[in-house]
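Please read the structure below before turning to the comments.
The values are calculated or read from the model by the stated rules, or taken from the named source; none is laboratory data. Remember, predicted model here, so these are calculated numbers, not experimental data. In this analysis, Cβ positions are derived from the backbone assuming ideal geometry, glycine residues included, and neighbour counts consider all displayed protein chains.
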Amino acid sequence: MTVNGLHFDCNTVLHIPSNSVITVDQVNLGFYLTGNAEAKPQGNRGFVEFDIGTNSVFALEEQLTFNNALRKTGPGTFALGGALKFQTAKGIYSDTPVAGVTDGTNLLTIAEGVFRPLSSTAVDGLEVRFEDGAGLEIEATDDVADGIGRYGMVNSWSTPFVLPEGGITVTVTDPGDKLKKLPKALRKVAIATLSMDKAPALRGKMTGVMVSEFPYAGATIEESDNGDGTVTFYAVPQGPGLILVIQ
C-alpha cells in the first residue's frame with residue numbers, strides 16, 4: 001500500500017451504500033484521481049464521482065492526490081481531512097497547485113448532500129463548488145487556538161469557493177455542548193478563511209443552522225478581518241430568548 005494506493009480513473013464512480021459509515025484512515029493508503037476534468041465530445045464525463053447514499057458518511061482521512069476533478073453526489077456526507085497533493089508531471093507531486101499545470105484538475109464539486117471538512121487544510125488548493133441543495137457541515141471545537149477551530153477551511157487557491165446564487169446552509173454541530181463551556185466571546189465556529197478579495201464569493205450566501213443538545217435559537221454568519229489580507233467567516237450561535245410580537 002502506498003499514499004496513492006487506490007487509483008480512480010476518469011468516469012469512475014465510488015458508490016457508498018445507504019446507512020453506511022466508512023472511514024479511510026489506514027496509514028499510507030491514499031486515493032489518486034486521474035483523467036480529464038472536462039467532459040469529452042464522445043460523452044465521457046471526465047471526472048471521478050463519489051456517490052454517497054442516504055444516512056451514510058464517507059470519511060477520507062488519508063492523502064488525496066488530484067490529477068482530475070472530483071464530484072460528490074448522493075444525499076450522504078463526504079468528510080475530508082487528509083493531506084492534498086497535486087500532480088505536476090508524471091511521478092512528480094506538489095503540496096500546492098501549479099498555475100497552468102494543474103488548472104482545471106483541482107476541482108471539488110459538492111453536487112448533492114453534505115461536505116464536512118475535518119482539518120483546516122482539507123481543501124487548501126482546491127476550487128470548491130457547491131451546487132443548489134448541497135450543504136456544508138462544521139463541527140464545533142472547544143480548542144480555538146489552532147486548526148479548524150480557529151480558521152475553518154483555509155483556502156489560498158485563486159478561486160477558492162463558488163456558491164450557487166441561492167446560497168448554502170452551513171450546519172454547525174456541537175456534540176457535548178462544547179460551545180456552552182467557552183466564554184461568550186469565543187462562542188463562534190470558524191467556517192472558512194480566504195483572501196480579502198475573494199470574500200464576496202461567500203458574503204451573504206451562507207445561512208447558519210445549529211444542531212446541539214443546548215437549545216440555541218440558531219446561528220448568524222459574521223466575518224472578521226485578520227489584518228493580514230485574509231478574512232474569516234464565522235457561525236455565531238444565538239442563545240434562546242423570548243420574542244414578543246405586538247400587533
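Some points to look at:
- Among the residues of region 70-98, those identified as small (Gly, Ala, Ser) and over 29 Å from Gly167 (Cβ atoms) are Ala83, Ala89, Gly91, Ser94.
- Residues in region 222-237 that are more than 19 Å from the chain's Cα centre (by Cα) and either closer than 15 Å to Lys205 by Cβ or touching a residue at least 60 places away in the same chain (Cβ under 8 Å) (or both): 1 in all.
- Tally, over region 8-35, of residues that are modelled with pLDDT under 95 and among the β-branched types (Val, Ile, Thr): 5
- For region 59-78, the criterion of a residue being under 20 Å from Phe130 (Cα atoms), crowded, with 19+ Cβ neighbours inside 10 Å and touching a Lys or Arg at 6+ places or on another chain (Cβ under 6 Å) is satisfied by at least one position.
- Being part of a loop (DSSP other than H, G, I, E, B) and surrounded by 13 or more Cβ atoms within 10 Å (Cβ to Cβ) is true of Ser156.
- Residue match in region 81-103 (condition: touching a residue at least 60 places away in the same chain (Cβ under 8 Å), under 15 Å from the mean Cα position of the chain (by Cα) and crowded, with 19+ Cβ neighbours inside 10 Å): no
- Residues within region 105-119 that are free of Cβ contacts under 8 Å to residues at least 60 places away in the same chain and assigned to a loop (DSSP other than H, G, I, E, B), tallied: 4
- Selection status of Gly46, modelled with pLDDT under 95, of a type in the set (Gly, Ala, Ser) and within 25 Å of Pro160 (Cβ to Cβ): yes
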